[in-house]
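Structure first, commentary second.
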Amino acid sequence: MGWTEFQPIRNEYNEQFKSIDEGLLKLLSERKTLTKGKRYFLPYEIMEEWAKKYKLDIPHISWLFYSVNNGSTPFRPDEPGELLTVIPIMKKSVVGDFEYVLTHSMQHKNASLITLEIKQLNEDVEAGHLLPQLILEIISPINYNVNRNGSRGGGGQTQVRFLVSLRLPEDLKGISFWRTFLMPHLWKVLQKE
């Protein structure tokens, strides 16, 4: 048999897996009902504890809970729509050998596009191509849906764009931006004052 021939993937699914999977779905449904559409993300210390206890990687735990929370927000536009205005954010933080700057929000008719620029500070170390595994959370009285919407870069620099729906207000007072890494020990808060 050649490598290009298609065959079904071996699947040894059984009643034991079915029971566990149904239990997971039941718990996810209970959690979704309890949150009433709000996003709840567990603290890093708990992820560290559970990573050791259950022999899991912190990035996997973080991704799982991000996915669970992301399922709570129902609306995601197909496209941002017409560009209306641009709001400067300019919030900077440094974590390890990297600088992170939330530069601006492009305000479109259906959504906002927020840009995060990442720059390697230690030019003596070759970073190669940066693949930032991070999440942007927006903390405010309104529940925003935030999804990654592309990235580009090279040579120790990269830019990540996030699609935010509903569209952000023109006045960002009272809104905080949290950049959460899916890697251990690299959490930082960027707040709009």
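The candidates 85, 35, arranged from most to least accessible area with a 1.4 Å probe in the full protein assembly, appear as 85, 35. Residues 175, 20, sorted by accessible area with the largest first, give 20, 175 [1.4 Å probe; ligands and nucleic acids excluded]. Residues whose amide H lies under 5 Å from that of residue 145, counting only those 5 or more places away or on a different chain, are 165, 166; hydrogens are built 1.01 Å from N in the peptide plane.
Annotation: residue 26 carries an accessible surface of approximately 130 Å², with a 1.4 Å probe and no ligand, DNA or RNA atoms counted. Cross-link partners for residue 109 among the lysines, with Cα-Cα distance under 25 Å and sequence neighbours closer than 8 places in the same chain left out: 38, 91, 173, 192. In this simple spin-label approximation, residue 34 and residue 99 carry label points 7 Å from Cα along the Cα→Cβ vector, and these lie 4.3 nm apart.
The values are calculated or read from the model by the stated rules, or taken from the named source; none is laboratory data. In this text the structure is predicted, and so the values were computed from the model without any measurement. All Cβ positions, glycine included, derive from the backbone under ideal geometry; neighbour counts span all protein chains shown. Side chains are part of the model used for accessible areas, which takes the heavy atoms of the whole protein and leaves out ligands, DNA and RNA. Shrake-Rupley method; radii C 1.70, N 1.55, O 1.52, S 1.80 Å.
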